[in-house]
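First up is the structure itself, then whatever we jot down about it.
Values in this text are rule-based calculations from the coordinates and carry no lab data. Note that the coordinates shown come from a computational prediction; the quantities given were computed from them, not determined experimentally. All Cβ positions, even for glycine, are placed from backbone atoms using ideal geometry, and neighbour counts span all protein chains on display.
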Amino acid sequence: MTAEETEPSDEHLIRATLAGDEAAYARLAGRYHARIARMVWRFAAPHEVEDVIQDILLRSWQKLRQFRGEVPFEHWLSRLALHECYNLLRKRQRTHEDTIEPEAWERMRDTASRPESAEAARELLNLAMQHLNAEERMVITLLELEEHSLHEIAALTGWSEGNVKVRAYRARQKLKTYLEKLNEPR
Amino acid sequence: MNPDDQLNGLFRAARQEVYESRTLGLETRLLARMREERRKRESVGWLAWRVAPFFAVVTLGVGVWAFFTPQPSPADQLAAVELDAPALVYLALR
């Protein structure tokens, strides 16, 4: 039995999908679901993560004919997922309303000085990141939370490395300003 | 505390959290949505195919009607201009 028979390659599954085999695509999507989920989870609200992942996988199926095989499928899918996340951030930016309660403010201040849990840290970062625009938020998330290099971010977003660096710097400055404001006595 | 250190501490803490993805039933849910999408796409195509003959007949009818409608004679056009009646000019020249 060959490896192809046990575990078909991405190319094989893509060819089968394009020939009308929907189950082949579901199998292919299953392979990269976890990776996409990790990325989406950093940008989407917890209740919308699974829906966004489904939307991305569906969009990728609809656009599969555009996949030329010049880059690995995983990379192509990641770029598409990132683009969807970017659209999500931009949409959210338009409807954003800063509503922080005084008691939440106190809690956030404690977290900022000594994050007790990863969840609390993420909550505070999410709040602080609301002050960033979609591009800055995307860059700082990929750089600091997903630990991608500048080069990788440039390849994923299609922006130049210099551009990524500038956005990361601006994002950090804004986040620091927010933390300083949080540390001020109220 | 220095905001730089504070920010790095927050990033470090947030990195520890990992997402537990729900892969159970993923393929089934995805397949269901793909089929729904395909049905939607097909139903639009089906509707377009069904109404196409109707619009073809209407277009043909308008063409035939335009071909057989008598054109105003030059005398009609001249009379309309001489009477200085814009409505008549318009009707005669139409």
(message) How many angstrom lie between the Cα centre of the stretch A:145-168 and the Cα centre of the stretch B:17-72?
(response) 41
(request) Run the quick spin-label model on residue A:18 and residue A:75: label points 7 Å from Cα toward the beta carbon, then report their separation in nm to one decimal. (result) 1.8
(request) Could you list A:33, A:131 in order of exposure, starting from the residue whose Cβ has the fewest other Cβ atoms within 10 Å? (result) A:131, A:33
(request) Calculate the mean, over all residues of peptide B:30-36, of how many other protein chain Cβ atoms lie within 10 angstrom of the residue's Cβ. (result) 5
(request) Note down the nm distance, to one decimal, between modelled labels 7 Å out along Cα→Cβ at residue B:54 and at residue B:29. (result) 3.9
(request) Enumerate the lysines that residue A:165 could reach by cross-link, defined here as Cα to Cα under 27 Å, with residues fewer than 8 away along the same chain left out. (result) A:91, A:174, A:176, A:181
(request) Taking 7 Å along the Cα-to-C-beta vector as the label spot, tell me the residue B:78-residue A:64 distance in nanometres, rounded to one decimal. (result) 7.4
(request) Report the FRET efficiency, 1/(1 + (r/R0)^6), for residue A:160 and residue B:39, where r is their Cβ-Cβ distance and R0 is 41 Å, rounded to 0.05. (result) 0.45
(request) Select from the stretch A:126-181 those GluC sites (Glu not before Pro) which occupy a DSSP coil region and have at most 12 other Cβ atoms within 10 Å, ordered by residue number. (result) A:147
(message) Which residues does the label zone of residue A:114 cover in the stretch B:1-34, counting backbone N under 20 Å from a point 7 Å along Cα→Cβ?
(response) B:1-16
(request) Would you order A:129, A:138 from fewest to most other beta-carbon atoms within 10 Å of each residue's own beta-carbon? (result) A:129, A:138
